[in-house]
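Undergrad: This is the structure I have questions about; it appears just below.
The values are calculated or read from the model by the stated rules, or taken from the named source; none is laboratory data. Note that the coordinates shown come from a computational prediction; the quantities given were computed from them, not determined experimentally. Note that we place each Cβ from the backbone using ideal geometry, even for glycine, and neighbour counts take in every protein chain shown. Remember, those area values only see protein heavy atoms, side chains included, never the ligands or the DNA or RNA. Shrake-Rupley method; radii C 1.70, N 1.55, O 1.52, S 1.80 Å.
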Amino acid sequence: MNTENAEFLKKSLLNLGFGESLNGDLEKQIGAKSPEFDLQTRHEFNQKTIDYTLHFKAGNDHEMYFFNKYDANIPHQNDPAKDLKQSFYINKGSGITAKEAFNLMEGRSVHKQLYNLEGQKYQAWVALDKDNLNDKGNMKLKHYHENYGFDVKKVISGVGIKEMENPQSQENLLRSLKKGNVQQITVTADGKDTKYFIAANPQFKTIDLYDDSMKKIKREALLEPESKINKKSQSEQAKEDLPVKKQTRKKGLGV
């Protein structure tokens, strides 16, 4: 067995969110010099099950193995016709993680570092396009590049989110949103704390907003108060900026 190759694959599985539970089967298959093999695992997120099939293939000399893609499936036991399936491709041990795959298949967006055809790095939000399939039935990716103009930090700043007040909690919140998670937040208004859940929505340059029961509600419930305050302050400022009119007193006419 090529120990260095095996360790690289194990590290890739760990970094991609598949943990270490597959390491034993991985070593067994590599030791048997199987020309290609699959490993299967199951995760649960948000009380939903997602199944993964990871595909490995040997190089020409069977000394090097490559992990180039995995298939993900979100089953619907009561209605298999609603099962969601998608293949995700791995490039040199990096790519869409197991949790990010779940989030994408749930209809959310993920912020990733990608590479163009020249091998240059760039940042972009990606989402699955359910209306645009390739010849294998795989959903194509929609990309929202940096110049698209979506900045999730700007969108949620200044609206009373407690997690944005502390540098560490702010960093954790933004990192979670960029992974495509639905993240709980606490909003303080009129001395009262209210729990919401939010998810990034780069397509419309905003966020999706949910109540504490995960029911989707109008995002204006969170974002509009700031705009009203801004409009009010702008209006008041405009009044303050108006030149002060001098009052003149009319002189009485003598009789």
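Undergrad: Output the qualifying pairs, or none if there are none: Cβ atoms under 7 angstrom, residues six or more apart or on different chains, first residue in segment 146-164 and open to solvent by 70 Å² or more (accessible area, probe 1.4 Å), second residue of a type in the set (Ser, Thr, Tyr).
TA: Partner pairs satisfying both residue conditions: Lys162/Thr186; Lys162/Thr188.
Undergrad: When you check Leu114 against the structure, is it crowded, with 18+ Cβ neighbours inside 10 Å, out of contact with any His (no Cβ under 7 Å at 6 or more places or on another chain) and closer than 28 Å to Tyr148 by Cβ, yes or no?
TA: Answer is no for this residue.
Undergrad: Pick out the one residue from Tyr115, Tyr148 that is hydroxyl-bearing (Ser, Thr, Tyr), farther than 20 Å from Ala221 by Cβ and in contact with a Pro (Cβ under 9 Å, 6 or more places away or on another chain).
TA: On inspection, the qualifying residue turns out to be Tyr148.
Undergrad: Then there is this: List, please: which pairs have Cβ atoms under 7 Å, are six or more places apart or on different chains, and start with a residue in segment 88-110 that is at positive phi and touching a residue at least 12 places away in the same chain (Cβ under 8 Å) and end with one that is surrounded by 17 or more Cβ atoms within 10 Å (Cβ to Cβ) and of a type in the set (A, V, I, L, M)?
TA: Cβ pairs passing all conditions: Gly95/Leu16.
Undergrad: Can you find a residue that is at pLDDT below 90 and over 19 Å from the mean Cα position of the chain (by Cα) anywhere in segment 100-116?
TA: Checked segment 100-116: at least one residue is at pLDDT below 90 and over 19 Å from the mean Cα position of the chain (by Cα).
Undergrad: Next question. Got a sec? Which of Lys28, Lys48, Lys57 is open to solvent by 80 Å² or more (accessible area, probe 1.4 Å), free of Cβ contacts under 8 Å to residues at least 60 places away in the same chain and under 15 Å from Gly93 (Cα atoms)?
TA: Going through Lys28, Lys48, Lys57 in turn, the sole match is Lys57.
Undergrad: Could you check segment 183-229 and list, in sequence order, the residues that are at pLDDT 95 or above and either in contact with a Cys (Cβ under 6 Å, 6 or more places away or on another chain) or on the phi > 0 side of the Ramachandran plot (or both)?
TA: Lys205
Undergrad: Right, here's the next one. Starting from residues that are farther than 18 Å from Ala101 by Cα and not small (Gly, Ala, Ser), keep the ones in segment 15-25 and report whichever is most open to solvent (accessible area, probe 1.4 Å).
TA: Glu20
Undergrad: State all residues of segment 85-99 that are under 17 Å from Lys48 (Cβ atoms) and either surrounded by fewer than 12 Cβ atoms within 10 Å (Cβ to Cβ) or under 18 Å from the mean Cα position of the chain (by Cα) (or both); if no residue qualifies, say none.
TA: Once the filter is applied, which keeps residues that are under 17 Å from Lys48 (Cβ atoms) and either surrounded by fewer than 12 Cβ atoms within 10 Å (Cβ to Cβ) or under 18 Å from the mean Cα position of the chain (by Cα) (or both), segment 85-99 yields Gln86, Thr97, Ala98, Lys99.
Undergrad: I'm told Asp71 meets every condition in (1) under 30 Å from Val182 (Cα atoms); (2) at pLDDT below 95; (3) open to solvent by 30 Å² or more (accessible area, probe 1.4 Å) except one. Can you identify the failing condition by its number?
TA: Unmet condition: (2).
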